[in-house]
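**Student:** Take a look at the following structure, please.
The values are calculated or read from the model by the stated rules, or taken from the named source; none is laboratory data. Worth saying up front: this structure is predicted, and the values here are computed from it rather than measured. Neighbour counts are summed over all protein chains in view; Cβ atoms, including those assigned to glycine, are modelled from backbone coordinates with ideal geometry. What goes into the accessible areas is simple: the full protein's heavy atoms, side chains included, and nothing from ligands, DNA or RNA. Shrake-Rupley method; radii C 1.70, N 1.55, O 1.52, S 1.80 Å.
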Amino acid sequence: MFLSEKEYGHAVAVLSGKVEKTPFFAEVEQWFKNAFRLQLYDYYCDCTNGGLPRVRLLLWDRGCAGKMKRGAEFDEKKQRRIAGEFANLCRKYDVHPDYHRPQDVFVCYDTLKDEMQKRVLRQCAGELKALEVPDIWRVEIIFDRVHIFFGTDEQEALHRRDGVCGSVKREVEEIVKQKDVFGAFEDGVQCVFTSRQTLDEKYDGKMFYYTR
């Protein structure tokens, strides 16, 4: 699930200290950390398609969200535990009246890191697309990755061997570092090296097909 601009903006404001945490959220956050040893960055109350109250808990990344699952599905035991405590704290602080009955509350998870990465890359788009490197035809930002297109497959193979791809990746990371104030790219920027030739031959020259 994607965060709306309003949801993302609120999470970043909380993270940066520009918005003070409510006593309710501070207690939810502390309980969640004690219960699951995971940081909770924000929460959002809305409804499922069936009209049930839904609380979306904002975790850092997919690895954290994965700890709240059992296999490919949500861990129902953890969901019930969270719904119970969330409802209890809603009653304690007299907030979110639709969430006072834990049996009515559906719990799911969103992640902040990938959303942050996409927005940081968009902020850097102008500089990244202006990279002046021999044989680069085009630079595209697709979600949370930077795709670098050389002119031909031969050029791509050559520059993997001669270190150009490595130097391009380092240059990309230096540009991104200036905007990455919360460390979303702490493990580096994922750069995908390919070619215009591959785009033409495998995807009919259309970026639409390439991104699907």
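**Student:** Beyond a 26 Å Cα-Cα separation, which of these cross-linked pairs lie in this structure: Lys18/Lys118; Lys77/Lys118; Lys21/Lys113; Lys69/Lys113; Lys78/Lys118?
**Tutor:** Lys77/Lys118; Lys78/Lys118
**Student:** Here's something else I'd like to know. May I ask for the Rg/Rh ratio of region 129-172, computed from Cα atoms with Rh as the Kirkwood radius, given to two decimals?
**Tutor:** Rounded to two decimals, Rg over Rh is 0.93.
**Student:** Using the heavy atoms of the protein chains and a 1.4 angstrom probe, tell me the accessible area per residue for the chain in square angstrom.
**Tutor:** 58
**Student:** Let me understand region 1-79 better: what is its radius of gyration from the alpha carbons, and its Dmax, in angstrom?
**Tutor:** So, for region 1-79, Rg and Dmax equal 13.2, 37 Å respectively.
**Student:** When only C-alpha pairs under 8 Å and at least 6 residues apart count, what is the relative contact order of region 49-120, in percent?
**Tutor:** Normalised by residue count, the contact order of region 49-120 is 50 percent.
**Student:** Another question, then. Mind giving me the FRET efficiency for Glu76 and Glu186? R0 is 35 Å, r the Cβ-Cβ distance, nearest 0.05 is fine.
**Tutor:** Once the sixth-power term is evaluated, E becomes 0.60.
**Student:** Here's another thing I want to ask about it. Mean 1/r over all different Cα pairs, inverted: what Kirkwood radius does region 105-154 give, in Å?
**Tutor:** 12.8
**Student:** Roughly to the nearest percent, how much of the accessible area of the chain is carbon and sulfur, given a 1.4 Å probe?
**Tutor:** Ligands and nucleic acids excluded, carbon and sulfur reach 48 percent.
**Student:** Also, quick follow-up: Taking amide H positions as placed in the peptide plane 1.01 Å from N, state which residues far from Asp42 in sequence (5 or more) or on other chains have amide H under 5 Å from it.
**Tutor:** Leu58
**Student:** First select every other residue whose beta carbon is under 10 angstrom from the beta carbon of Lys179; then total the charges, Lys and Arg +1, Asp and Glu -1.
**Tutor:** Charge balance in the 10 Å sphere: +1.
**Student:** Here is a further query. Note the direction-averaged projected area, equal to a quarter of the hull surface, for the Cα convex hull of region 44-146, in nm².
**Tutor:** The orientation-averaged projected area of the Cα hull of region 44-146 comes to 9.4 nm².
**Student:** Quick one: if you stick a label point 7 Å off each Cα along the C-beta vector at Lys179 and Arg161, how many nm between them?
**Tutor:** For Lys179 paired with Arg161, the spin-label model returns 3.5 nm.
**Student:** Let me ask another. Among residues other than Ala35 whose Cβ falls under 10 Å from its Cβ, what is the net charge (Lys/Arg +1, Asp/Glu -1)?
**Tutor:** So the environment of Ala35 carries a net charge of +3.
**Student:** Using a 1.4 Å probe and ignoring any ligands, DNA or RNA, find the accessible area of Trp31 and quote it in Å² to the nearest 10.
**Tutor:** Taking all protein chains as shown, Trp31 has close to 50 Å².
**Student:** While we're on this one: Within region 129-207, what is the number of lysine pairs with alpha carbons under 24 Å apart, leaving out pairs fewer than eight places apart on the same chain?
**Tutor:** For region 129-207, qualifying lysine pairs total 7.
**Student:** Work out, in µm²/s and without decimals, the Stokes-Einstein translational diffusion coefficient of region 88-212 at 10 °C, 1.306 mPa s, Rh from Kirkwood over C-alpha pairs.
**Tutor:** Value of D from the Cα-based Kirkwood radius: 93 µm²/s.
**Student:** Where does helix 23-36 land angle-wise versus the long Cα axis of the chain, in degrees 0 to 90, nearest 10?
**Tutor:** 70
**Student:** Using 7 Å Cα-to-Cβ label points, what is the Ser16/Asp94 separation (nm, one decimal)?
**Tutor:** 3.4
**Student:** Still on this structure: Report the Stokes-Einstein translational diffusion coefficient (µm² s⁻¹, integer) for the chain, Rh taken as the Kirkwood radius over Cα pairs, at 37 °C with viscosity 0.692 mPa s.
**Tutor:** Rounded, D is 166 µm²/s.
**Student:** Given points 7 Å out from each Cα along the Cα-Cβ axis, report the Thr211 to Arg122 separation in nanometres with one decimal.
**Tutor:** That separation, rounded to one decimal, is 1.2 nm.
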